[in-house]
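A short reminder: the numbers here are calculations on the coordinates, not readings from a lab. What you see is a predicted model, and the numbers here were worked out from it, not measured in a lab. Using ideal geometry, Cβ is built from the backbone for each residue, glycine included, and neighbour counts are taken over all protein chains shown.
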Amino acid sequence: MRLLPFDYAIRNLGRSPLRLAMSVAGSLLVVVLVITAAAFVRGLERSLMGSGSTRNVMLLGAGSEESVERSEISASVPGQAAATIAGIQEKMKTPFISPEVHAALAVSTSENKTANAQAMFRGVRPEAFLVHPQVRIVEGRMFHPGKDELIVGQLAATRLDLPRKRLGIGKDIWVDGRRWMIVGHFTAPHTVMNAEIWCSLTNLQIMTRRDSLSCVVMTLGQGEFADVDAFASKRLDLELIAMRETDYYRKLVDFYQPVGKLVWVTAMLVALGGIFGGLNTMYAAFASRIREIGMLQSIGFSRMAIVVSFVEESVVAASAGSVVALLVCMVWLDGLALRFSMGAFGMVLDAPTIAIGLAAGVLLGLIGSLPPAARCLRMPIAESLKAT
């Protein structure tokens, strides 16, 4: 089969600048929507799955496997676990065991202002930095136990819908009528901890009026998960359950899957509208070239060769829109922080997300060109040559 030269398709794109601009703009909008949906889902999944370590095990209250905030365990669990479970990682005779309290609390920026935003607070001891190596203090210092001091995550301001400077070092926030001073900033990239506020374990227990813990997180060295599970199973009086940290966050990924599906469905519906708009544009464009189609057939080019040329035109225009959409997303979308119930996360524009967007652009070019081309080629050659 003899094909039309590729530069013929390229030259035809410039015959109607308005049509070209509409095709590129339509592809741009559709691809931006697809990349946005993919970046949202990837960012959410990555922030949850990146929060857990394969060597970490959590001890939670029985029946609270899906929400550490609802969990309550005895404050004696960390000491009993350290004394009973063999193989917990140590550093300078300090076991990697972190007793923690997790609580979602309303925050305000002044004593009299009504608190209308919630942040996830985590009460910890210094051992938490051994168990969660993703967390690094990048500015300021660690809070002092016994003082109402906080360190805030990189995305905490996004979670509270505040300017980042409002959570600067030395600034105050109010929780339940109690003033806390921000003394440090930490970062924990691609984790839910990046949007949390950390403080002294004892101080958070006092503020939440509880003497129990939410969980105990430990890092295993030579030990195995079965050792921790056996401890939780034998101590019926403590009402514990052992979970791998990665399993806990995988359950949260499953919980938020309907949200991701809803985002995809919304993007696909809007993209479908863009495809129908592109079909209308292509029908009008190809219908105006009926005589050209008849002439090409009369000089020996097959209908399949003409279809291939039209597809090339459409795919090139859609690909140009896809590239522009990718540049727009790289400037505006990459790392954009969004809030959700557990905190905040950054949208991820990685290789799979880019591949999905570019594939959507190429597919749009194919779908947008084949039906109009097939319809126009049904006309007999003699009638095509006489068309006006």
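Miscellaneous remarks
- Net +/- balance of residues flanking residue 223 in space, Cβ distance below 14 Å, scoring K and R +1, D and E -1: -2
- Sorted fewest first by neighbouring Cβ atoms within 10 angstrom, 231, 225, 96 come out as 225, 231, 96.
- Our note on the geometry: Cα centres of the range 78-104 and the range 126-182, 23 Å apart.
- Footprinting exposure proxy ranking of 32, 265, 362, fewest other C-beta atoms within 10 angstrom first, gives 265, 362, 32.
- Per-selection Kirkwood Rh - the chain (Cα, Å, 1 d.p.): 24.7
- Most fluctuating residue given options 180, 198, 332, as computed from a GNM of the chain linking Cα atoms under 10 Å: 332
- Each residue of the range 16-26 is assigned a 3J(HN,Hα), and the resulting list reads 9, x, 5, 4, 4, 4, 5, 5, 5, 5, x Hz, derived from the Karplus form 6.51 cos²θ - 1.76 cosθ + 1.60 (θ = phi - 60°), x at Gly and Pro.
- Label point distance in nm, residue 251-residue 362, each placed 7 Å from Cα along Cα→Cβ: 4.1
- Rounded to whole numbers, the Karplus 3J(HN,Hα) couplings from phi for the range 325-340 are 4, 5, 5, 4, 5, 5, 7, 9, 9, 4, x, 4, 8, 10, 8, 8 Hz, using 6.51 cos²θ - 1.76 cosθ + 1.60 with θ = phi - 60°, and x at Gly and Pro.
- Sequence of 51, 64, 110, 16 once ranked by neighbouring C-beta atoms within 10 Å, starting from the fewest: 110, 16, 64, 51
- When you filter the trypsin sites (Lys or Arg not before Pro) in the range 46-155 for DSSP loop state and at most 12 other Cβ atoms inside 10 Å of their Cβ, you are left with 93, 113, 141.
- Where trypsin sites (Lys or Arg not before Pro) fall in DSSP loop in the range 172-238, at most 10 other Cβ within 10 Å: 209
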